[in-house]
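I have placed the structure first, in the form of structure tokens, so that the comments after it can refer back to it.
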Amino acid sequence: MLNTGILGEQTVVVDQTNTAKTMGSGSLDVFATPAMIALIEKTALMSIASELEEGQTTVGTSLNIQHLAATPVGMKVTAKTALVEVDRRRLVFSAAVYDEAGLIGKGTHERFLVDGEKFQSKTDAKKLS
């Protein structure tokens, strides 16, 4: 059973693989917004993984994130999430992202609980239509 209050934290180092220039979201060697989004999603997912039933997973469905400050290559970036709402299968997380100088992003992220095998099968069936 998932309850509010579950916390998550994940850290990455900004390198050439997660810059705006490499990811195509900009032309500079700074931490990319898509990389920040992926870090938030991973942090939320990992924070509840041990609480899920066999075969369950979650899928991201909504993000409302502000990218407030740029981070250069070489700095650490840490995402912190908190599960703030559980509405049947809908899970809402607050998110805050920091580099070594301070807050660089914040917002909310929504995920839904799904049966992994059923979800994958339904999705794969789209190719057959």
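The values are calculated or read from the model by the stated rules, or taken from the named source; none is laboratory data. Model, not experiment: these values are computed from the prediction. Cβ atoms come from the backbone with ideal geometry, glycine included; neighbour counts cover every protein chain shown. Note: areas computed on protein heavy atoms with side chains; ligands, DNA, RNA excluded. Shrake-Rupley method; radii C 1.70, N 1.55, O 1.52, S 1.80 Å.
Go through (1) at pLDDT below 95; (2) within 18 Å of residue 4 (Cα to Cα) one by one and return the number of the condition residue 126 breaks.
(2)
So which residues in the range 1-32 are free of Cβ contacts under 8 Å to residues at least 40 places away in the same chain and assigned to a helix (DSSP H, G or I), if there are any at all? If you could, list the steps in order and put the result at the bottom.
Here is the first cut: in the range 1-32, the residues free of Cβ contacts under 8 Å to residues at least 40 places away in the same chain are 17-18, 20-27, 32.
Answer for the range 1-32, where residues must be free of Cβ contacts under 8 Å to residues at least 40 places away in the same chain and assigned to a helix (DSSP H, G or I): 17, 18, 20, 21, 22, 23.
Do we find that residue 112 is aromatic (Phe, Trp, Tyr) and part of a strand (DSSP E or B) in this structure?
Values: aromatic (Phe, Trp, Tyr): yes; part of a strand (DSSP E or B): yes.
So residue 112 fits the description; yes.
Filter the range 39-59 down to the residues that are of a type in the set (Gly, Ala, Ser) and surrounded by fewer than 17 Cβ atoms within 10 Å (Cβ to Cβ) and list them by number.
The initial filter retains those residues of the range 39-59 that are of a type in the set (Gly, Ala, Ser), namely 44, 47, 49-50, 55.
Once the filter is applied, which keeps residues that are of a type in the set (Gly, Ala, Ser) and surrounded by fewer than 17 Cβ atoms within 10 Å (Cβ to Cβ), the range 39-59 yields 49, 50, 55.
Filter the range 70-109 down to the residues that are in contact with a strand residue (DSSP E or B) (Cβ under 9 Å, 6 or more places away or on another chain), among the acidic types (Asp, Glu) and assigned to a strand (DSSP E or B) and list them by number.
Keep residues of the range 70-109 that are in contact with a strand residue (DSSP E or B) (Cβ under 9 Å, 6 or more places away or on another chain), which gives 70-86, 88-100, 103-109.
Add one more test, that the residue is among the acidic types (Asp, Glu), and what stays is 85, 99-100.
Selection gives 85, 99.
Quickly run through the range 17-54 and pick out the residues that are small (Gly, Ala, Ser) and touching a helix residue (DSSP H, G or I) at 6+ places or on another chain (Cβ under 9 Å).
Here is the first cut: in the range 17-54, the residues small (Gly, Ala, Ser) are 20, 24-27, 32, 35, 38, 44, 47, 49-50.
Selection gives 20, 24, 25, 26, 27, 32, 35, 38.
Need the failing condition index for residue 67 against (1) on the phi < 0 side of the Ramachandran plot; (2) open to solvent by 80 Å² or more (accessible area, probe 1.4 Å), just the number.
Single failed check for residue 67: (2).
Please work out which residue is farthest from residue 17 (Cα to Cα), limiting yourself to the range 77-129 and to residues that are surrounded by 10 or more Cβ atoms within 10 Å (Cβ to Cβ) and among the hydroxyl-bearing types (Ser, Thr, Tyr). Please lay out each step first, then the result.
From the range 77-129, those surrounded by 10 or more Cβ atoms within 10 Å (Cβ to Cβ) are 77-86, 89-101, 103-123; that's our starting set.
Checking the rest, the ones that are also among the hydroxyl-bearing types (Ser, Thr, Tyr) come to 78, 81, 94, 98, 108, 121, 123.
Details: 78: 16, 81: 23, 94: 26, 98: 19, 108: 25, 121: 31, 123: 29 Å.
Filtering first and then ranking leaves 121.
It is to be established whether one or more residues within the range 95-103 are of a type in the set (Asp, Glu) and either free of Cβ contacts under 8 Å to residues at least 12 places away in the same chain or over 30 Å from residue 15 (Cβ atoms) (or both). Break it down stepwise before answering.
So in the range 95-103, the residues of a type in the set (Asp, Glu) come out as 99-100.
Remaining after also requiring either free of Cβ contacts under 8 Å to residues at least 12 places away in the same chain or over 30 Å from residue 15 (Cβ atoms) (or both): none.
Scanning the range 95-103 turns up no residue that is of a type in the set (Asp, Glu) and either free of Cβ contacts under 8 Å to residues at least 12 places away in the same chain or over 30 Å from residue 15 (Cβ atoms) (or both).
Suppose we filter the range 1-35 for residues that are within 20 Å of residue 110 (Cβ to Cβ) and open to solvent by 40 Å² or more (accessible area, probe 1.4 Å); how many remain?
Of the range 1-35, the ones within 20 Å of residue 110 (Cβ to Cβ) are 1-10, 33-35.
Retained after the next criterion (residues that are open to solvent by 40 Å² or more (accessible area, probe 1.4 Å)): 1, 3-5, 7, 9-10, 33-34.
Qualifying residue count, the range 1-35: 9.
For the range 55-69, name all the residues that are assigned to a loop (DSSP other than H, G, I, E, B) and under 16 Å from residue 39 (Cβ atoms).
Taking the range 55-69 first, the residues assigned to a loop (DSSP other than H, G, I, E, B) are 55, 68-69.
If the condition is that a residue be assigned to a loop (DSSP other than H, G, I, E, B) and under 16 Å from residue 39 (Cβ atoms), then 68, 69 are the ones that fit.
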